[in-house]
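Everything below concerns the one structure shown next.
The values are calculated or read from the model by the stated rules, or taken from the named source; none is laboratory data. All values derive from a computational prediction rather than experimental measurement. Virtual Cβ from ideal backbone geometry, glycine too; neighbours counted across all protein chains shown.
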């Protein structure tokens, strides 16, 4: 059975990612990568799979840049270890900030990545999207308008 790793954040990103996972169905083995302190997201998982925890690069707006860099480094390290051991066939994300270090680890290991820009991004890309543009296997957007502005983006329709 093919393994699909899914990066889950909080809020709208998670809802969109769950819509995608629901549409993929139970024909895959799922690996969920979530924030260390996130207690709510695992309760929302409908298609069972292994839950792995990583540090969230930025927890609070008042966090120092140094703490963000440390957390990002720890996430990069942990995700590299997890992905090295579990070797998913693909990793998908709908935009949470944790995606960047996880996708960079995947890229180092040769694991394909699919980034789906949030449905809320109608005019411009998110910060995560701008960082990952050109650095993922497939970059999808949910609005035709933004697909026309970003030649390397693929319009995939709306998840919700």
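When restricted to residues that are surrounded by fewer than 18 Cβ atoms within 10 Å (Cβ to Cβ) and in a strand (DSSP E or B), the stretch 116-128 contains 0.
Within the stretch 37-52, the set of residues being modelled with pLDDT of 90 or more and surrounded by 15 or more Cβ atoms within 10 Å (Cβ to Cβ) comprises 41, 45, 47, 49, 51, 52. Screening 91, 131 for residues that are part of a strand (DSSP E or B) and either closer than 23 Å to residue 68 by Cβ or modelled with pLDDT of 90 or more (or both) leaves exactly one candidate, 91. Which condition number in (1) within 20 Å of residue 113 (Cβ to Cβ); (2) without any contact (Cβ under 8 Å) to a residue 24 or more places away in the chain is the one that residue 25 fails? The number of the failed condition is (1). Assess whether residue 37 counts as being over 25 Å from residue 125 (Cβ atoms) and out of contact with any strand residue (DSSP E or B) (no Cβ under 6 Å at 6 or more places or on another chain). When the stated conditions are applied, residue 37 passes them. Within the stretch 146-157, if we keep just the residues that are exposed (fewer than 11 other Cβ atoms within 10 Å of the Cβ) and at pLDDT below 90, the residue that is nearest to residue 103 (Cα to Cα) turns out to be 151. Considering only residues in the stretch 6-34 that are touching a strand residue (DSSP E or B) at 6+ places or on another chain (Cβ under 6 Å) and part of a loop (DSSP other than H, G, I, E, B), the one that is surrounded by the fewest Cβ atoms within 10 Å (Cβ to Cβ) turns out to be 28.
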